Amino acid sequence: MNLERMPNEEKLGLCRKYYLAGFVFLPFLWLVNVVWFFKEAFVKPVYTEQIQIKTYVKRSGLGLLFWVTVLTTWITIFQHYRAEWGAVGDYLSFTIPLGIP
Amino acid sequence: MNVSDSEEDSYNERTALVVSESPPLPSYRPEPDPPNDSPTKRPGLSRRSGPPQGVSEELEDEEELTLKYGAKHVIMLFVPVTLCMVVVVTTIKSVSFYSEKTNQQLIYTPFSENTSSVGRRLLNSVLNTIIMISVIVVMTVFLVLLYKYRCYKFIHGWLILSSLMMLFWFSFMYLSEVFKTYNLAVDYPTVGLLIWNFAGVGMICIHWKGPLQLQQLYLILISALMALVFIKYLPEWSAWVILGAISIYDLVAVLSPKGPLRMLVETAQERNEPIFPALIYSSAMMWTVGMASPGDAQETDEEAEHSGGGAEPEERRPRSNTDDELEEDRGVKLGLGDFIFYSVLVGKAAVTGGDWNTTIACFVAILIGLCLTLLLLAIFKKALPALPISITFGLVFYFSTDFLVQPFMDNLAANQFYI
């Protein structure tokens, strides 16, 4: 996929689809959206669809930020309190480290 | 590899055994991939029968053009192949899971190698190889038939299913092993989110539209995952015999007139459509259909048969031959099975070889083989298998390094004799 070669409407459509698809718990998709369309949205000279692409990129960025904070918070909490939670902690754990903490 | 300015020729043969398997045992059954590398080269440039008077400069330009492509394309292929091998070797060296001996075996290699006598073991490995290769041949022929009778939906569904399995199941396994190795506690929600994201974006990038680099990265990762599974579950001697047999099969399938891969290419050529947008790694950009002046990418294609997952359809559109520019579109294609079997060879060398000498020797051998194959491609301009030369070199280097060079170096070092 080369963005250079695509007509603007297609770019907009693609950006929009990536943005919408990211709502299914896919912050990685939002990241891809932001990185990929960044130049299109902010660096390139103005064209008709650019405004909308800009909105999508910005919203994807916001969503990404939201997810990153949520994930970081959760991971910190989990790592810190896992041992104390006892049974619940083990139930939630995918891998349990060996040895004595 | 095939350099062509006409339609892309890429042919890809895939032996995906995903659909037929529903594993009854808790053994991992990745579908074996028969890698068929057949660099298909469409003779885009017509054979120069001789420079007409006064156009010798053009001829030189054309020749230069070909050579220029050659060098750049070699580099364009070196990077992903190296990357794949690096991923595999790093994993093997750090995550012990993949180098542990297991009694679980793939269903395609039913004969065990834990036998007492050498002869018995050899026999078992040969039998395993025969089974594996015949499975591969059957799947290939099946695929070619499907393609011939235009059962595109079936093929696409098959590919999607196998790539789903690759992206979800194998990466899940891989992630769990990595976490166990580094003794980390990870919870189910996080893991679930990680895998879902990785696989979801992977499916979108591979089967639909996505940035080229990301797609290439996913293809490399999938090949590495597949190679790791092979390294783990193929018994020792069988693996080496299979590697040898696969390269011979590749040679036969691509070059002989009745070979399935060749038939696939020809059928696709007749129909003027992309052979099979799956399991091909491409380093160039493709034009999308809407383009008015499609420039064809000169693509060196190496087909690899990739079985079981790793369906990476390349978005390819048939291109008519234009002599104009669009040189930037020219790219190189290499089948994913090539990646996989190269990595299997290097990975096996890393597992069982003495130390880094063997691994690096095999790595260099494969790259040399790749270079030679590309050279042959530039000369012959037709479909060529990419496996035989590299694998032969790799095998030769592995065995000679392991049995000759290694003890030699050890002795030198032990006696403090520097040469």
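The values are calculated or read from the model by the stated rules, or taken from the named source; none is laboratory data. From a predicted model like this one, the values you see are computed outputs, not experimental measurements. Neighbour counts are summed over all protein chains in view; Cβ atoms, including those assigned to glycine, are modelled from backbone coordinates with ideal geometry.
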**OP:** Search region A:84-101 for residues that are in a loop (DSSP other than H, G, I, E, B) and pair each with any residue that is modelled with pLDDT of 70 or more and of a type in the set (D, E, K, R) when their beta-carbon atoms are under 8 Å apart and the residues are at least 6 apart or on different chains.
**Re:** A:Ile96/A:Asp90
Original post:
For region B:223-272, how many residues meet the condition of being touching an Asp or Glu at 6+ places or on another chain (Cβ under 9 Å) and of a type in the set (D, E, K, R)?
Top reply: 3
Original post:
So how many residues does region A:62-93 have that are at the interface with chain B (Cβ under 10 Å from one of its Cβ atoms) and either over 19 Å from B:Val191 (Cβ atoms) or touching a Lys or Arg at 6+ places or on another chain (Cβ under 9 Å) (or both)?
Top reply: 4
**OP:** May I ask you to verify whether B:Ala253 is away from chain A (no Cβ under 14 Å) and either of a type in the set (Gly, Ala, Ser) or crowded, with 24+ Cβ neighbours inside 10 Å (or both)?
**Re:** yes
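Of all residues in region B:341-396 being among the charged types (D, E, K, R) and out of contact with any Ser or Thr (no Cβ under 8 Å at 6 or more places or on another chain), which is farthest from B:Val74 (Cα to Cα)?
If we take residues in region B:341-396 being among the charged types (D, E, K, R) and out of contact with any Ser or Thr (no Cβ under 8 Å at 6 or more places or on another chain), then B:Asp355 is farthest from B:Val74 (Cα to Cα).
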**OP:** Considering only residues that are assigned to a loop (DSSP other than H, G, I, E, B) and under 18 Å from the mean Cα position of the chain (by Cα), look in region B:375-389 and name the one that is nearest to B:Phe363 (Cα to Cα).
**Re:** B:Ala386
Original post:
Where residues in region A:4-18 are in a helix (DSSP H, G or I) and crowded, with 18+ Cβ neighbours inside 10 Å, which of them is farthest from the other protein chains (Cβ to nearest Cβ)?
Top reply: A:Leu12
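Residue-wise test of (1) modelled with pLDDT under 85; (2) closer than 30 Å to B:Leu264 by Cβ; (3) of a type in the set (A, V, I, L, M).
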position: B:Arg319; (1), (2), (3): yes, yes, no
position: B:Gly335; (1), (2), (3): yes, yes, no
position: B:Gly353; (1), (2), (3): yes, no, no
position: B:Trp356; (1), (2), (3): no, no, no
position: B:Thr359; (1), (2), (3): no, no, no
position: B:Leu372; (1), (2), (3): no, yes, yes
position: B:Leu375; (1), (2), (3): no, yes, yes
position: B:Thr401; (1), (2), (3): no, no, no
Subject >> Tally, over region B:146-200, of residues that are within 14 Å of chain A (Cβ to nearest Cβ), part of a helix (DSSP H, G or I), among the hydroxyl-bearing types (Ser, Thr, Tyr) and more than 17 Å from A:Phe25 (Cα to Cα) >> reply: 4
Original post:
Between residues in region A:29-56 that are within 14 Å of chain B (Cβ to nearest Cβ) and free of Cβ contacts under 8 Å to residues at least 40 places away in the same chain and residues that are assigned to a helix (DSSP H, G or I) and of a type in the set (D, E, K, R), which pairs lie under 8 Å by C-beta distance while being six or more apart or on different chains?
Top reply: A:Phe37/A:Lys11; A:Glu40/A:Lys11
